[in-house]
Structures are given as C-alpha cells and as structure tokens.
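Everything below concerns the one structure shown next.
The values are calculated or read from the model by the stated rules, or taken from the named source; none is laboratory data. The structure presented is a predicted model; accordingly, all values stated were derived computationally and were not measured. Methodologically, a virtual Cβ is constructed for each residue, glycine included, from the backbone with ideal geometry; neighbour enumeration extends over all protein chains shown.
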Amino acid sequence: MTATKTITVALAGQPNVGKSTVFNLLTGMNQHVGNWPGKTIEQKTGTFTCNGTQCKLVDLPGTYSLSANSPEEVIARNFIIKERPDVVVALLDAAILERSLYLVAELLPLPAPVIVALNMIDVAEQEGMHIEPHVLEAALGVPVIPMVATKNQGIRELTQAIDGVIHGRVEYHPRLPEIRADHVEVLSEIEALIGPCVPEDYPKNWVALKLLEGDSEITEMMRACTPEDVWQQVHEILKAHEDAVIDVAGGRYDWIRRMVRAAVTRPKAGQITRTDRLDRWATHPLWGMLVLAGILGAVFWLTYTVGAPLQDLLEVYVIGAAANWASALLVGAPAWVNGLIVDGIIGGLGMVITFLPILVIFFATMGLLEDIGYMARAAYVMDRFMHLMGLHGKSFLPLFLGFGCNVPAIMGTRVVESQRARLLTIMLAPLVPCTARMVVVTFLTPIFFGRAAPLVSWGLVGLSLVVLALLGIGINKIVLRGERAAFIMELPLYHVPNWRTIGLLVWQHSLAFLKKAGTLILVMAVIVWALSYWPDGYVETSFLARFGRLLEPVGALMGMSWRMIVALLTSFVAKENSLATLGILYGADGEGTGLAEAVRTAFTPAAALAFLVVQMLFVPCVATVAAMWQETRSVRWTLFNVALLLVVSFGAGVLVYQVVRWLGG
C-alpha cells in the first residue's frame, strides 16, 4: 500500500452509542452530508489523516443487527460486502456490552477486518461495571480500544489501531461465532449446494447462514441465481429446518457469553444505578408524561422568549435594513425592478434567514436531549398515544415543535428511523398550528368574535389537532395500507453531553437548510411575487387575482369573495400575508385599525369562521413545502400533501360555513 492511497473506514454501531461524536472528532469540518443512493436515509462521509494516510470515513446507519429487517440494516451490510472497506470500526456502548456485541457477531464473518471501539467506559464504571479491554481483546481476537469519546479519550489509539490493521502491524485472528450443533451439518449441506451460484462479492458461508435465518433479501437473491433443481433442494432443506433461526441466534449469544465471561465484572445484585433512579420518573406512565411536558414546555418557552425576538430583530435590522437600502439604491428604477428585488428576492431570502433562530434552538435542544440519553425516554412514554395514527413515540417530538414552526418540525423528522413513519410524520406536520398561523388567528378573532375570541382560538387549535389525528389514521390505513415498522429502541444510560457534537449538528443542519430550502424558497417567492404583480402592477388585477376569481364559485360555498380566496393564496408565501393582502384588497390603510374596520363589515360571522378554519388547515407556507420536498426527495408525496390539504381545508370551510349559517350565524 502506497502512502498516497486513500483507505476507506466504515463506522458501524447501534443508535445512541456515540457514533456522531466519534465521527465528528475524527473528521471535524471535513465531512459531507447527503443521502444514500436511491434512499432518503442520511449518509455522512468525511476524511481524516492517519499516520500520513488519507482515510475516508463512512458513517453507516445505526443498526442493531445485519438482518434484512430495515433499509438501514441492508445498507450497512451491502456497503461492507460490495464496497469492501479496508476496515470496519464497530463502536460499542460499554455499559450494554452484551447487547452491543450482537452486531459484532454479525460483522466478523463479513470480508472487512473489524476493530472494536469500546465507548462510554466511564458511564459503565458509574453504573458499577468494570471491563478489562485487554482480556476482551484476547477473547475476540481483534483489537479492542477503550474510549470516552465525549472527553476525546481513545481517539488517537483508535487511529493507531486502524493504521496497524491496514498495514498488518496488528494481529487479526477473529474468533467467529458458530451455529449450535443441531444445525452444523445442515449449514454445510446448504453451503455445498449453493457454493457455485453465490455471487462473487458474497462469502458463501455467510449466505448459507442467512438462508437458514430466513433473510428475505438473500433468499430472493439466491432464488434468482440458482438453477431450479438446486434451489428446490435448498428450499426443501430450509422448509424442514424452519427452527434453525433459533440455533443461529443462540450460537451468537453463546459466543457473546464466552467473550465477556472473564472480561466484565458486573455490579452487585440489587444495586440501584443513577439511570435506574432517573428512569423511575422519566419512564413512569404518569410522572414520565409530566417530565416530558415540563421539558417540552421549556423548549417551547425558549423558542418564544429567545427565538421569536431574535426572529423579529433579524426581520427589522437585517431584512428591513436591506430592503430599505435596496429601495434607496433603486430610486428611479422601474417599479417592477424595485418590487422584484425588494419584495421578491430580499423578501424570499429574508424568510429563510429569520427562520434561523428557531432552527438553531430546535436542533440544539433536540441534540442535547439526544446526547444525554433522554430522547429515547420521551419516545417511550409517548409511544402508546402515537400508535393510534400508526406511528411510534419518536414522531411526537418533531410534531410538537411544529407549534413554533413547521419547517424545523419537518426537518426534525430525521430522528424517526423508519422511512414509513418518517413520511407519515412529514405529511402530518403542516397541520400543527405554527406561530404564523396563530398570528393571523390572534389578530382576526377579536375583530370577528369579540370576547369569545379566546374560546374560538382554542377551538381552532383543537380542530387542527383533531384533523391531524383523523388524517393520520386515514393516511396510515388507506395510503400506506396500515404498514407498521417495529419500534425497537435501546434506552441508553444517561451521560454528559458532548458540546462539540451538538455544535456541529446545529451547524450542519442549519447550513443544509440555508443551501437547499433557501434556494427553493427564493425561487418560489419570486414566482408568487410575479403572479401578484403582473400584468399591470396591481394585486387586484394581477394573474393571482384572476386565478382567485376562478375559485370564486368554491369561495361562494364558504361565503367568501375572490378577495378572501386571494388572501388565502398569498398566505402560501407566508401566513401573515393574509393580513397584508386583506388590507390591500379591502382598501385599508395598512394599519391594524384600518384593516379591522374593513374586514368587520366584509365578513359575516359564518364566513369569518370559515375563513379562519381554512386558514388553520390550508396548504403550509412555501418554506414548509420546500422543507417537505427536501426531506422526502419526492415531488409526488409533496404534491399529494398539498392537494390533500387543499381538499381538507376547503371541505372543512364549506362544512363550517353551511352549518353555522343553518344555525343562524
């Protein structure tokens, strides 16, 4: 191997074992975040130098095993088999060593050499466990590196082990797990039959083992490349030994017990650890809900008290100043040029920038909760409620943050591992009433309903959440056909957060939002501005107004004129645009009092309520649609969501108007 050759290192491990911390410590800012080819699952790659050798580090999806039970597991094992990394670093949680070693038992039979990185040694010691890494290394036959990644301990030793394995300076003689004796001969018989047919990249004994386990992907692969008469023999053997999966797993657990027997000293029976004490409250059916409510309430409070003022400051002193500067610079320029730059471009980019405080707070708090180990508890206590919509507990967290802004809510669905559950959560997130919707409701309800405004406001919020639940059930049952991914989550031990990891997470996600969603928002904002300006510079005679008049028959069913329909349409750029558009179209002076007087006489109580209902359920703003496309990478699902919300919002508006009018409203 030459000194200039780039070697590939794969980083494998279960969720919540500190992979992100190790990845960030090794690669720093030299990393790229994208998606695995053809998948919506995130792929992180980075580079680092190891004794003068350039290393490419690939962070494999977090997975508990290498069976074909999820896309993450298939991605991880296919990368190791087909891409042949030079070494695989298996990151384990020392405090749950036995459960972590199951993944190692599946990694060792694959072609790439394995290094075991034993992370969170300090947490294990706090829980009363004592692990001797050298004893474990002798038992496994592979390098074992003790680490405390949050304190940057063990990183140098890990890079030295990688370099030693790559250049043959470190002995590598892994002791592989074996299937239990009942099926040893059966395994050999299957391997002999399929041996000539196994694709070149795949180890023959591993393929035979996966067939015995009933692995669906490997079964389909071998059925396609094996002669019919040979496959029939294999099928008969597998059919006669359907219980072999027990012996395969049992052999791995026997191997794990042998590996840790001499290397691990456990706490005395009955000893209560720090995690046990905290979990008495955090996972309790009642107190756990109260703890979760308190934590999320604090996040909500932080978003409003810190994020909202910062958002206002950015809007006034950055976006407003830029708009004023541009207006002054463009004195004498055609009106359409001024409007395009000030309202379209600066306004579109301004929307992106003003989201940053909320995004930073969201990602920082979620990263902190994830890093200390609480996120798994929050998902656990909410799991039973989310099941009603075919989701599990993790989906509750991004949905809750939608009360602040739907954009971070959709981006926050990255904490949901299941692709189906993540998609359903994204579809439902726009129905959570964000602060922008609440601005419109808070302003208009006192005008329309006086002292009953608080009651009407709460009713509108409640309606949104009821519709969210009903649509969740409907989409799950009808569109996604009731599919449900198994919810398997390790409750990690509590530990001190790594601020470097949290900081990098906030930076990466915020930068990704600015690059991707920002581009889409800018383009769409300019398009909507153009439609509201052309052909003669007046909103009421623009193409947007003409389109609104086309929808006037639908508006009539809700007691709305075309002006109200246009106000709803302009809310696609930003929900607060409804107020500005109403002021323009009803001839108000742009101040709150003028708008109040104008719309009070223009709306009947039934039409006013219908307007607010549609506003709460209407298509989300352009930023949310852009985020939806960014996260799903699917035009089809994005358009489906937009069309669904159009139907639901107008349908609800028609129903509310007709019922209220029938009741005499």
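Looking at this structure, is L101 more than 30 Å from R223 (Cα to Cα) and either touching a helix residue (DSSP H, G or I) at 6+ places or on another chain (Cβ under 6 Å) or assigned by TED's automatic domain parsing to the domain that holds G18 (or both)? Yes. At least 1 residues being within 20 Å of T21 (Cβ to Cβ) and without any contact (Cβ under 8 Å) to a residue 12 or more places away in the chain is the threshold, and among the strands (runs of 3 or more DSSP E) wholly inside the range 37-129 those reaching it are 42-50.
I179: in contact with a Leu (Cβ under 7 Å, 6 or more places away or on another chain), closer than 30 Å to F48 by Cβ and either outside the structural domain of A244 (by TED's automatic domain parsing) or surrounded by 14 or more Cβ atoms within 10 Å (Cβ to Cβ) (or both), yes or no? Spelling it out, it is not the case that I179 is in contact with a Leu (Cβ under 7 Å, 6 or more places away or on another chain), closer than 30 Å to F48 by Cβ and either outside the structural domain of A244 (by TED's automatic domain parsing) or surrounded by 14 or more Cβ atoms within 10 Å (Cβ to Cβ) (or both). For the range 167-181, check the following and say yes or no: at least one residue is in contact with an Asp or Glu (Cβ under 8 Å, 6 or more places away or on another chain), of a type in the set (A, V, I, L, M, F, W, C), at positive phi and modelled with pLDDT under 90. No, the range 167-181 has no match at all.
Residues of the range 434-467 that are assigned to a helix (DSSP H, G or I) and under 17 Å from P408 (Cβ atoms): T435, A436, R437, M438. Of the numbered criteria (1) within 22 Å of V142 (Cα to Cα); (2) assigned to a helix (DSSP H, G or I), the one P196 fails is (1). Could you list all residues from the range 470-493 that are modelled with pLDDT of 75 or more and buried (at least 17 other Cβ atoms within 10 Å of the Cβ)? Hits for the range 470-493 are L471, G472, I475, N476. V331 meets each of the listed conditions (1) outside any helix (DSSP H, G or I); (2) modelled with pLDDT under 80 apart from (2).
Here Q160 meets each of (1) buried (at least 18 other Cβ atoms within 10 Å of the Cβ); (2) part of a helix (DSSP H, G or I) with one exception, condition (1). If you go through the range 122-143 one residue at a time, how many are buried (at least 23 other Cβ atoms within 10 Å of the Cβ) and β-branched (V, I, T)? Qualifying residue count for the region: 2. Answer yes or no as to whether E178 is closer than 18 Å to L110 by Cα, charged (D, E, K, R) and in contact (Cβ under 8 Å) with a residue 12 or more places away in the chain. So E178 fits the description; yes.
Results for (1) in contact with a strand residue (DSSP E or B) (Cβ under 6 Å, 6 or more places away or on another chain); (2) not β-branched (V, I, T), shown as yes or no for each residue.
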| site | (1), (2) |
| --- | --- |
| S65 | no, yes |
| N69 | no, yes |
| R77 | no, yes |
| P85 | yes, yes |
| V89 | yes, no |
| A94 | yes, yes |
| S100 | yes, yes |
| A105 | no, yes |
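Looking across the range 207-254, just one residue is over 23 Å from L108 (Cα atoms), of a type in the set (G, A, S) and modelled with pLDDT under 90, and that is A240. When the residues of the range 527-582 are filtered to those that are polar (S, T, N, Q) and part of a helix (DSSP H, G or I), the one that is surrounded by the fewest Cβ atoms within 10 Å (Cβ to Cβ) is T541.
In the range 445-456, the residues that are farther than 16 Å from M616 by Cα reach residues that are of a type in the set (K, R) with C-beta atoms within less than 6 angstrom, at least six apart or across chains, in these pairs: I447/R600. Is it the case that some residue within the range 423-433 is part of a loop (DSSP other than H, G, I, E, B) and either over 20 Å from T632 (Cβ atoms) or at pLDDT 80 or above (or both)? Yes, because at least one residue in the range 423-433 is part of a loop (DSSP other than H, G, I, E, B) and either over 20 Å from T632 (Cβ atoms) or at pLDDT 80 or above (or both).
Which of the residues that make up the range 606-626 are under 24 Å from the mean Cα position of the chain (by Cα), among the aliphatic types (A, V, I, L, M) and farther than 13 Å from L431 by Cβ?
Taking the range 606-626 and keeping what is under 24 Å from the mean Cα position of the chain (by Cα), we get 617-626.
Imposing the further condition that a residue be among the aliphatic types (A, V, I, L, M) reduces the set to 617, 619, 622-623, 625-626.
Answer for the range 606-626, where residues must be under 24 Å from the mean Cα position of the chain (by Cα), among the aliphatic types (A, V, I, L, M) and farther than 13 Å from L431 by Cβ: V622, A623, V625, A626.
Residues that are modelled with pLDDT of 75 or more and within 13 Å of I361 (Cβ to Cβ) within the range 303-326 comprise V306, P309, L310, listed in sequence order. Contact map, the range 607-630: residues that are within 11 Å of M560 (Cβ to Cβ) and touching a residue at least 12 places away in the same chain (Cβ under 8 Å) paired with residues that are crowded, with 24+ Cβ neighbours inside 10 Å and aromatic (F, W, Y), Cβ distance under 6 Å, separation 6+ or inter-chain. Pairs shown: A610/Y657. Considering only the range 619-639, state which residues are assigned to a helix (DSSP H, G or I) and among the hydroxyl-bearing types (S, T, Y). Result: T624, T632, T638.
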